[in-house]
Amino acid sequence: MSGPNVKKLRSKLRIVDVVSQAVRGLTSRKLRTALTALGISIGIASLIAIQGITEANQADAKAEIDALGSDFLFITPGTGVGEEAELLPYASAMLETHIDELEYVAALYPVDARARRNELVPEVQTGGVTVSALTAADLDLLEPVNGSVAFGRFHDTTSVEVPSVVLGSLAADRLGIRHLIGHPTINISGTDFAVIGVLNEFEILNTDLNRTAIIGLGVADTLFETPDNPSAIYAQVPPEQLDEVRDIIPAQANPAAPGEVAVSRPTEALEIREVIDETFARILQALALIVLAVGGIGIANIMVISVIERRGEIGLRRSLGATRKHIASQFIIESTVLSLLGGLLGVAIGVSIVFGYARYKDFEAIIPWYWLSIGLAAAFGLGAFAGLYPAWRASRLDPAEAVRPAA
Amino acid sequence: MSNAVLELRDVSKSYAGSPPIEVLKEIDLTISEGELVAIVGPSGSGKSTLLNMMGALDRPTSGEVLIDGSVVNGLRDPSLSGVRGRRLGFVFQQFHLLPGLSATENVATGLLYHGTKGRARKAAAREALERVGLGHRLDQKPGKLSGGERQRVAIARALLGDPAIVLADEPTGNLDSQTTAEIVELFLELNEQGSTIVMITHDQDLARSMPRVVEILDGQILDGADPADHDPADHDPGDDDLGDEPVESELEAADGDTNEDDAS
Ligand SMILES: Nc1ncnc2c1ncn2[C@@H]1O[C@H](COP(=O)(O)OP(=O)(O)O)[C@@H](O)[C@H]1O
Ligand SMILES: [Mg+2]
């Protein structure tokens, strides 16, 4: 006989050939490969971008909170109605005297008046500007609200006694005050007030002060209806004493109904916002995972079509000695490589977005390595899984059937 | 018998159906080393089915297929694939070239499932392409090749790995008569160089140019005469004696001396 024992003959396929055949199979169908991989790319890019952006925002917020210090307190009457719910008249002075730990305490009083540029401008146009009053005892207001003057100056002992006003940034904007040249005035419910200063914008904390026009309480009392009960008290406490002080404030601010008093830490709001950001990011990432899964289904779909289209190729390979396993491995590897290509493209896009965002916001870019590896692992797993069924179908094709010319 | 590379013993093949379709009926056929055999018959007579049996692409319903003297039809997939890859070469009517690969790369797939390294595969592929007269087309993709050239690439691929036998199913079915003649010429040349080749065709004229002709009709081998003076009208399937011995119409021509004229 010519050959050795034919029953002992076995086909062999080198691993490098399995991979290079898969790559060949994909590169010879470039457009289809690109479109199919896109679903995976978008899913993974989203996963990474969402995480990167969220982390950058959080790092920034944390830096802001750290810069602010977490030692501010914000005291309000609470939500109840009637006298019971009011803070004590001049409660800020009371707090300052009785609680040694409070470093700065300042109150604002609500003034029932409307501000506009002059009497010719209808009130509606300057809607949204609120008027608040300040006592001579609380001239250090800017400390506990962490504010600063953009131009002009803040109130002093003289200015609170005369019709003069300090504006929040938004209020100044609405009232058309851009500088103090020529001593501009605004009209508050019929009386002209000299603008003596404009504050810098409050970016994160106490943003409602942006819309406020601050006048002296003495003047307010004389001209308008003004209660002696503050609408808000701002205080600053050394962080280590914060919890303790926080507990004793209500009894001092409103002995009649301490339960009504609301004492909050403004930075808490930021921390809550962080948690919300985090939750929102998780929801978006869940959506990205769904996109990823849909991408995987797309791959499975294309691979099934590919098996049908490439019936002849499968038959040829079987005639060249490919075993069922060789055929199956070809399709599984092809599907996995396809998915991984999508994954790598997604990583590139996602990381670019993270860097782009960081640059735009002037943050430091944070690469979310954890989600990056999750994304790639998911692409790998999805690709292999998506290839299973098509590979099984391909390996089950009867060789004689596969080489037969299509009817 | 000592140099039989391929043998069918009492091979029948039926496809499921009601009633089952019996496509091959108790076929006995022996192909010896160095032979060039044409299997000829009208469309639907069972030629492709027969070739699938010979090539271990399908299993007979009954009977035995022997390659290199061993019965292979009971083998499991890995062994059967091994036999196909190592001992058989296939050429198909529709070429079955991979469109993304160059001629050399396509031919090189002939050794892919041998575990041969890429470099060695390519070297062997270039050599085979030279043999079939395509030394100047090594890097062309199939899309740039003519039908005849494509079939030459497919033949080169079938020759890789030195198969015991090359099985060609209507290799000229998609080619014009001029190109058909060239491919037949190539088969004759390769056979002279020692290759054992079985070629299926429905073209009687083409078959006549082959040293040995096996005629098939309705799944049975006709006990015919020399196809050179064969007249299809002479044949009545009922006459066929499908007894115990192999019955074939054979033309054991002295290698090539009478046939080359017919081929060109
Ligand atoms: N998989 C199959 N199932 C059912 N019938 C088949 C199958 N393959 C071939 N046949 C039938 O077997 C007969 C012979 O087919 P085939 O061997 O392809 O003939 P040829 O190659 O001589 O044209 C035809 O009638 C064909 O319809
Ligand atoms: Mg056929």
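The values are calculated or read from the model by the stated rules, or taken from the named source; none is laboratory data. As the structure is a computational prediction, the values presented were derived from the model and not from experiment. Don't worry about glycine lacking a Cβ; one is built from the backbone with ideal geometry, like all the others, and counts go over all protein chains shown. We work out accessible area using only protein heavy atoms, side chains counted, and drop any ligands, DNA or RNA first. Shrake-Rupley method; radii C 1.70, N 1.55, O 1.52, S 1.80 Å.
Inter-label distance, residue B:127 to residue A:240: 8.8 nm, where each label sits 7 Å from its Cα along the C-beta direction.
For the residues A:40, A:366, A:272, a GNM of chain A with alpha-carbon springs under 10 Å puts the largest fluctuation on A:272.
Counting Lys and Arg as +1 and Asp and Glu as -1 over every other residue whose Cβ lies under 12 Å from the Cβ of residue B:139, the net charge comes to +4. Only Cα pairs within less than 10 Å get springs; with that Gaussian network setup on chain A, which residue of A:292, A:345, A:180 has the largest fluctuation? Checking each option, the largest mean-square fluctuation is seen for A:180. Charge dipole of the protein assembly as shown (Cα centre as origin; +1 on each Lys and Arg Cβ, -1 on each Asp and Glu Cβ, all else neutral): 1400 debye, rounded to the nearest 20. When only Cα pairs below 8 angstrom with a gap of at least 6 residues are kept, segment A:71-265 shows a relative contact order of 39 percent. Amide H to amide H distances under 5 Å link residue A:150 with A:198, A:199, A:200, where only residues 5 or more positions off or on other chains count and H is placed in the peptide plane. Please give the charge dipole size of segment A:97-148, origin at the Cα centre, charges +1 on K and R Cβ atoms and -1 on D and E Cβ atoms. Round to the nearest 20 debye. Roughly 500 debye for segment A:97-148. Taking A:71, A:173, A:17 as the candidate residues, the one with maximal mean-square fluctuation in a Gaussian network model of chain A, Cα springs under 10 Å, is A:17.
The distance between label points at residue B:176 and residue B:15 comes to 3.3 nm (points 7 Å beyond Cα on the Cα→Cβ vector).
Which of A:12/B:13; A:7/B:13; A:62/A:361; B:117/B:141 have a Cα-Cα distance over 25 Å?
The pairs that break the limit, which is 25 Å between Cα atoms, are A:12/B:13.
Shape of chain A from the C-alpha gyration tensor: prolate (a/c of 1.5 or more and a/b above b/c, with a ≥ b ≥ c the square roots of its eigenvalues). The listed residues A:211, B:212, once ranked by accessible area (1.4 Å probe) with the largest placed first, stand as A:211, B:212. Applying the Karplus relation 6.51 cos²θ - 1.76 cosθ + 1.60 with θ = phi - 60° to segment B:154-166 yields 3J(HN,Hα) values of 5, 5, 4, 4, 5, 7, 5, x, 6, x, 5, 8, 9 Hz, where x marks Gly and Pro. Computed from backbone phi with θ = phi - 60° and the Karplus coefficients 6.51, -1.76 and 1.60, the 3J(HN,Hα) list for segment B:101-117 is 9, 5, 4, 4, 5, 4, 5, 4, 4, x, 10, 4, 8, 9, x, 6, 5 Hz; x is used for glycine and proline.
Roll a 1.4 Å probe over the protein chains and send me the accessible area per residue for segment A:361-407 in Å².
In whole numbers, segment A:361-407 has 58 Å² accessible per residue.
Calculated FRET efficiency, residue A:348 to residue A:256, Cβ-Cβ distance, R0 = 56 Å: about 0.30 to the nearest 0.05. The residue among A:196, A:233, A:249 whose Cα reaches farthest toward the positive pole of the charge dipole of segment A:187-259, with charges on the beta-carbon of Lys, Arg, Asp and Glu, is A:196.
Is the shape of segment B:4-256 best called rounded, prolate or oblate, per the rule: a/c under 1.5 gives rounded, else a/b larger than b/c gives prolate, else oblate, with a ≥ b ≥ c the square roots of the Cα gyration tensor eigenvalues? In terms of gyration-tensor shape, prolate.
At 20 Å minimum axial length over the Cα atoms and a Kyte-Doolittle cut of 0.0, report the qualifying DSSP H helices in chain A, or say none. Result, helices passing both filters: A:30-68, A:266-309, A:324-361, A:369-396.
Computed from the C-beta positions of residue A:396 and residue A:308 and an R0 of 22 Å, the FRET efficiency is 0.95 to the nearest 0.05. When only alpha carbons are used to place a centre, segment A:116-190 and segment A:258-315 end up 47 Å from one another.
Normalising the average separation of contacting C-alpha pairs (under 8 angstrom, six or more residues apart) by the number of residues puts the relative contact order of segment A:141-244 at 36 percent.
Extending 7 Å from Cα along the Cβ direction at residue A:264 and again at residue B:119 yields two label points whose distance is 7.4 nm. On the basis of the beta-carbon distance and an R0 of 56 Å, residue B:22 and residue A:290 show a calculated FRET efficiency of 0.55. What a 1.4 Å probe finds exposed on the protein assembly as shown is 54% carbon and sulfur by accessible area, rounded to a whole percent. If you average the sequence gap of Cα pairs under 8 Å that are 6 or more apart and divide by the length of segment B:4-256, what percent do you get for the contact order? Answer for segment B:4-256 is 26 percent. Seen through its C-alpha gyration tensor, with square-root eigenvalues sorted a ≥ b ≥ c, segment B:29-81 comes out oblate because a/c lies at 1.5 or above while a/b is not bigger than b/c. Between residue A:225 and residue A:274, the contour length at 0.36 nm per residue exceeds the alpha carbon distance by 13.6 nm.
Of the residues A:34, A:68, A:152, the one whose Cα sits farthest towards the positive end of the charge dipole of the protein assembly as shown is A:34 (charges of +1 on Lys and Arg Cβ, -1 on Asp and Glu Cβ, taken about the Cα centre). Each Lys and Arg contributes +1 and each Asp and Glu -1, all at the Cβ; summed about the Cα centre of segment B:103-216, the dipole is approximately 720 debye.
What length, rounded to one decimal in nm, is gained on full extension from residue A:38 through to residue A:282, with 0.36 nm per residue of separation minus their alpha-carbon distance?
Going from the current span to full extension adds 85.6 nm.
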